[in-house]
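Peer 1: Before anything else, here's the structure in question.
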Amino acid sequence: MPPSKNRIQFLDSLRAIAIVMVVGQHALGYSQLSPEVQTTIMYWFQIAVPIFFLVDGYLFSHRLEHTGKLDYCGYMQQSATRLVVPWLFFSLLYLMTRLAYEAFGHPPDQIVLGRDITYLLGVTWVGAPAVQLYFLLSLFFVRSLSFLTKYVQGVSPIVILVAVIGLNVLWSYTNGMTVAGFQIKANWGGGQDPLLHAVWGLQYYLLGCALYASNPWLSRYAKVLTATVLAILVVLYYGEYSSPALTQYSYLCGFYLLLLAIGDRGRLLGGIGSSTMGIYLLHQPVVLKGASFATALVFDNTGLWCYLLVVIGTLACSIWITRLLMKLPHAHHLFGEPSSVAVLGLVGIKLASRNLSPELPGGSLPPI
């Protein structure tokens with residue numbers, strides 16, 4: 001079966017890499033790798049969440065160009081269904097799961113058991129029971145600015161990139177700032193603050209808009225640009241000059257250009273990429289903990305290869321569970337999917353297992 005002409009294949013591949021990195025980051029907490037190895041893995045997986053923001057910015061510009069206008073109320077209603085409903089359901093689910101774990105498993109710290117409602121609302125807001133959930137709200141907050149970001153349509157990519165740099169500077173000054181004795185920080189209470197991470201993610205969202213505006217030119221010279229950007233990354237990584245922001249942008253754009261050059265040839269990655277929502281919602285903490293426990297029963301769980309087994313097992317189980325849940329009536333609502341997309345998503349998972357591309361409608365789909 002040929003690749004779908006409607007779906008943006010290289011974006012699915014990009015999402016697949018991002019979700020593997022997300023699972024890989026979270027799996028470190030269940031590994032016994034040395035601090036040096038963990039630091040190295042975290043460094044190379046640093047672009048996981050920025051990829052999701054970037055892809056959403058790309059698709060937002062794609063949507064604007066093809067519709068010609070923005071129905072803000074309709075867009076936000078769709079975004080609430082896609083992002084807020086799953087956040088509410090899975091936040092409650094993992095809060096209850098954590099309560100049961102604290103009641104019967106006796107973990108060293110308690111974030112739910114014996115806490116008052118104010119504290120519980122706080123840990124739910126930052127996603128302490130399942131740290132990945134903050135992103136859903138962050139992306140929703142970024143999308144809520146679409147009445148402003150819609151004006152990027154037709155703007156020069158250079159101007160958008162200037163805004164990207166400005167947002168990076170704003171973030172560097174905002175995070176950690178103390179106002180009236182209160183320190184503003186993105187990480188607190190065992191989780192991530194979604195509002196501040198929206199401020200952080202907006203730079204990558206606009207970067208996606210800039211890349212979309214430049215795509216005709218980037219596609220023409222994708223291979224040369226990929227080699228150039230990755231060479232810059234190597235120089236920044238091994239050279240004496242250190243610029244974390246420039247290094248991250250080079251790394252992020254290098255991956256984007258590489259997959260743009262590959263196009264629709266990354267079919268297996270595309271299949272995983274079309275399942276990112278299910279993987280994202282399910283992998284942490286229950287599936288990941290189960291995969292780690294199962295691996296430890298058979299192996300010593302200390303080597304790098306055991307860590308890789310946990311990552312692969314978590315990805316496979318998350319896709320399998322998503323496939324099972326999607327067969328239940330109305331379960332697609334929990335994953336923020338309309339029924340038609342849910343059915344096609346199941347087809348995509350089946351085809352991915354056969355190393356085929358799914359026939360899915362592309363640019364209209366949200367990025368996670």
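Peer 1: Can you give me the relative contact order of the range 1-96 as a percent, contacts being Cα pairs under 8 Å and 6 or more apart?
Peer 2: Relative contact order here is 28 percent.
Peer 1: Stretched out fully, how many nm does the piece from L246 to K185 gain, at 0.36 nm a residue minus the Cα gap? Please list the in-between numbers first.
Peer 2: Details: separation 61, 0.36 × 61 = 21.96 nm, distance 2.24 nm.
Additional length available on full extension: 19.7 nm.
Peer 1: Now for a separate question. What are the ³J(HN,Hα) couplings of the range 86-91, residue after residue, when phi is run through the Karplus curve with 6.51, -1.76, 1.60 and θ = phi - 60°? Round to Hz, x for glycine and proline.
Peer 2: x, 4, 4, 5, 6, 4
Peer 1: Determine the distance separating the Cα centre of the range 27-73 from the Cα centre of the range 121-197; give it in Å without decimals.
Peer 2: So the two Cα centres are separated by 13 Å.
Peer 1: In nm, give the distance between the simple-model label positions of F299 and T178, each being 7 Å from the Cα along the Cα-to-Cβ direction.
Peer 2: The modelled label-to-label distance comes out at 4.6 nm.
Peer 1: Grab the beta carbon distance between K327 and V155, set R0 = 56 Å, and tell me the FRET efficiency rounded to 0.05.
Peer 2: After rounding, the FRET efficiency stands at 0.80.
Peer 1: Return the FRET efficiency for the residue pair I117, T39: r is the Cβ-Cβ distance, R0 is 56 Å, and the value is rounded to the nearest 0.05.
Peer 2: 0.90
Peer 1: Another question about this same structure. For the chain, calculate the relative contact order in percent as a whole number, restricting contacts to Cα pairs under 8 Å that are 6 or more residues apart.
Peer 2: Dividing the mean separation by the residue count of the chain yields 32 percent.
Peer 1: Follow-up question, since we're still on this one. Here are a few candidate values for percent of Cα pairs over 40 Å apart: (1) 16; (2) 5; (3) 11. Which one was actually calculated from the structure I just gave you?
Peer 2: (3)
Peer 1: Evaluate E = 1/(1 + (r/R0)^6) for L170 and C73, where r is the Cβ-Cβ distance and R0 equals 22 Å; express this FRET efficiency to the nearest 0.05.
Peer 2: Plugging the Cβ-Cβ distance into 1/(1 + (r/R0)^6) gives 0.20.
Peer 1: With +1 on each Lys and Arg Cβ and -1 on each Asp and Glu Cβ, how big is the dipole of the range 9-353 about its Cα centre, in debye rounded to the nearest 20?
Peer 2: That gives a dipole near 720 debye.
Peer 1: Mean residue ellipticity at 222 nm from the helices of the chain, using -39,500 (n - 2.57) per DSSP H segment of n ≥ 4 over the full residue count, to the nearest 500 deg cm²/dmol?
Peer 2: Calculated at 222 nm, the ellipticity per residue is -21000 deg cm²/dmol.
Computed from the coordinates by the stated procedures, all read-outs in this text should not be read as laboratory data. These numbers come from a predicted model, not from an experiment. In this analysis, Cβ positions are derived from the backbone assuming ideal geometry, glycine residues included, and neighbour counts consider all displayed protein chains.
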